[in-house]
1. Filter the range A:315-331 down to the residues that are more than 19 Å from residue A:380 (Cα to Cα), in contact with a strand residue (DSSP E or B) (Cβ under 8 Å, 6 or more places away or on another chain) and surrounded by fewer than 23 Cβ atoms within 10 Å (Cβ to Cβ) and list them by number.
2. Return the residues of the range B:307-357 that are assigned to a strand (DSSP E or B) and over 27 Å from the mean Cα position of the chain (by Cα); say none if nothing qualifies.
3. Just the residues that are touching a strand residue (DSSP E or B) at 6+ places or on another chain (Cβ under 8 Å), closer than 25 Å to residue B:338 by Cα and in a helix (DSSP H, G or I), please, taken from the range B:367-389.
4. Among what's in the range B:108-129 and is part of a loop (DSSP other than H, G, I, E, B) and within 11 Å of chain A (Cβ to nearest Cβ), pick the residue that is farthest from the chain's Cα centre (by Cα).
5. When you look at residue B:466, is it out of contact with any strand residue (DSSP E or B) (no Cβ under 7 Å at 6 or more places or on another chain), buried (at least 22 other Cβ atoms within 10 Å of the Cβ) and either at positive phi or assigned to a strand (DSSP E or B) (or both), yes or no?
6. So for the range A:452-462 (the condition being in contact with a strand residue (DSSP E or B) (Cβ under 8 Å, 6 or more places away or on another chain) and more than 20 Å from residue B:496 (Cβ to Cβ)), does at least one residue qualify?
7. Looking at (1) within 25 Å of the chain's Cα centre (by Cα); (2) more than 7 Å from chain B (Cβ to nearest Cβ); (3) not in a loop (DSSP other than H, G, I, E, B), which one does residue A:448 not meet, given that it meets all the others?
8. Test residue A:356 against the stated conditions and say whether it is touching a helix residue (DSSP H, G or I) at 6+ places or on another chain (Cβ under 7 Å) and surrounded by fewer than 22 Cβ atoms within 10 Å (Cβ to Cβ).
């Protein structure tokens, strides 16, 4: 049972008058529960409670925090079919995806629980005293990390579990010792409330301080704005559009005390396909990429929205095949009417640009919110001249850029904004030609994939999910993988400290 | 011989009309050389050249970059007496300090040279492929770091060598693979030009690309503004005032592509002295702290500007002794007439606040720019009520806060802005009482010192020099020590990459 109310720590509140409902995109109907936008007072209550909780929580041992994270995982699993039903109802995604994403969410929570069983993740550093050093003795100095304070998380529409209420941002922040205030995504606030219940129950069962977690509803930008401006909020995690992420980044930078913002935003994820690869495995590649472009109805941040290759007869055939195979895949439901609307509008805008050819497009879909997949193509010269062609089209869409030669292909990469990923498809015999392409990609992306697809972001220590702006607002950190915990901590040194007073990590 | 011109890479230019001169603060006279503010065109030339250099320099091996850093150290040493004379002339600091600071600068350069001999500093992460994993195979994934791009460095007035032209910011950025553009500090631009010559010579001798280093003069804020706004500039290091650092941070955040700014700014470095310590070693402590307060004419960012203790008879005597010993130390020359003026103005402003007692002050100094040391005292209640008392007075000044009890002492710490350091002076028998104080300090500072003084910042891996705002603009990084290299790099992952194409760090 969900209430539509805000979790201010363990207390449910709904003192405001503004409400909203989520939508069942498959039925194109509103779901029944009215969610109450958190009021400014409720935001302040959550922030102040998080600050009080922080004083206690930052001293809670890693083992106890790990118990909390594992309990969250257990409670989420215990929601069972109720959660899967809510997820599919609010997202239009199939149940198999719900189960898979729940698995990823659980895996993330348990990965962080494992990570913080000991204090090694802090990369503690020790310098021994040198009392006899001349001209001055050297003091004993030890460095560890401590949590920043209450973290606000604004989750993604496209991963109602893994990048939302108890997703990677929340799991990493709680693991680090920071309380979390989630601003629930208005497209899946029912799923959000169920997961918030799980987190709160887990907090109570494992004895965590009240306020270690809050969940606030908000359809308007006011709730997010009030949260990022609150003095007791010390960092922010966001996954979503460039417009939204940048607005929050600006607010954070304008505070009297600026705070770090990690916003993972737009990306078109360029894929470079080399001539010999097209020659040798055009059929396999077009099948593979039709699948990657339409995966999750194209609603992945690593969706391959841009395919770049040198123009020749083979590529012409490849583009035709890719387009035919993409539109042959049954249209799927998008997350929300607004997302469907944006997909159509943005896709049409690209298609209407000078020199852009729509190679294939699903003309009619059975349901209101099903996505008409589209593959377009354009010359390298046109692409280089028209920044509008760099815009992300969130959904099953890709633009193929036909460069006249390899030099132009490299120019196209160099002209791109920052990206989450870049992919290279090449045959062994082409490796020696790839240096300029790799150099160009290194400068523009956070992860380079070889002979694969960009969709599928492994949760592991070596993952970098984040890249130069506007892929993210701070390319020095990752949003996925255990290293994402580093976003929420800062180093602190202890000089000449008595052992008994040192934090556990430095003893 | 210095020219007053700007180094745009290897080329000396002075196409502007605005000039300034440095001052000999001891003589209170201008030095002869006219320095030419870099024009907007020259700024753009330096930035574009740095970008071209970056394409080459980021691929230069660690061993070669280390040769460059060591050559810079050699060339600085080769400047010999000319550099020491210029340093003392422009800073008013004694030659012994010049020699010591030169040693620190050399040590920093050589430390980074040692660090980058191999690729371990990148904290490379490897995840092996699991081709048989179900439901999906896991790809081989490896993560390393790469440099961000051209870095702008705005050095500190108070360390013309160690935190300026070839100081810690420049050394760490060059070590990381980033070209550097220094905006020369207008108080020591002659020293800056000599050091810039050394860097340029070292770059030429070790075959580094032209543009790996530039040095631009600028007295007005225009040069710094143009630099931080240039699209080819990708990060900024600054040491100086809160006002200056915040202005640069704001400009960086307002760019179309925001860039990271690490600004190390103001700090009053609270020192907590516990009752038993005062009882047992008042005399030693007052001597030690009179020395720390006046060290370098109080012009250290870790200067103990705030001493907090519980008020009692012993502390009254301690404050008297500290004040008497502080003013008994001969007045020393400050760095510049403007700094002297600011010191007097800011010190007078604190002294004029309600409830503030000037315990002792040097009433007359022999020379215009010599600093009249001052020790003031105030009650905990007054301090808590008056944020003006939190302002840094850059120079030999300290405010002693007399808290009525330990609870008030903790409140005073909690009410402070972010700080570089906090210090605790306590006897063993008092350790059990320190938990609240340590908790409060952890939340406010980057380094906690036990039974010592905050002045003296060791260059070593475990050093944290940076703290919550306004001590620095990004508390997740340090300005001193080998970890400061992490400010200038970002992670990048390589998925399923052929070994021959991987960067050296991941092979």
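1. A:324, A:327, A:331
2. Once the filter is applied, which keeps residues that are assigned to a strand (DSSP E or B) and over 27 Å from the mean Cα position of the chain (by Cα), the range B:307-357 yields B:309, B:310, B:357.
3. B:389
4. Here the residue is B:129.
5. Values: out of contact with any strand residue (DSSP E or B) (no Cβ under 7 Å at 6 or more places or on another chain): no; buried (at least 22 other Cβ atoms within 10 Å of the Cβ): yes; either at positive phi or assigned to a strand (DSSP E or B) (or both): yes.
Here the answer is no, as residue B:466 does not meet what is asked.
6. If we filter the range A:452-462 for residues that are in contact with a strand residue (DSSP E or B) (Cβ under 8 Å, 6 or more places away or on another chain), which is where we start, we get A:452-454, A:458, A:460-462.
The next check asks that each one be more than 20 Å from residue B:496 (Cβ to Cβ); those that pass are none.
Looking through the range A:452-462, none of the residues is in contact with a strand residue (DSSP E or B) (Cβ under 8 Å, 6 or more places away or on another chain) and more than 20 Å from residue B:496 (Cβ to Cβ).
7. Checking residue A:448 against (1) within 25 Å of the chain's Cα centre (by Cα); (2) more than 7 Å from chain B (Cβ to nearest Cβ); (3) not in a loop (DSSP other than H, G, I, E, B), the one that fails is (2).
8. Here the answer is yes, as residue A:356 does meet what is asked.
The values are calculated or read from the model by the stated rules, or taken from the named source; none is laboratory data. Because the structure is predicted, anything quoted here is derived from the model rather than measured. Note that we place each Cβ from the backbone using ideal geometry, even for glycine, and neighbour counts take in every protein chain shown.
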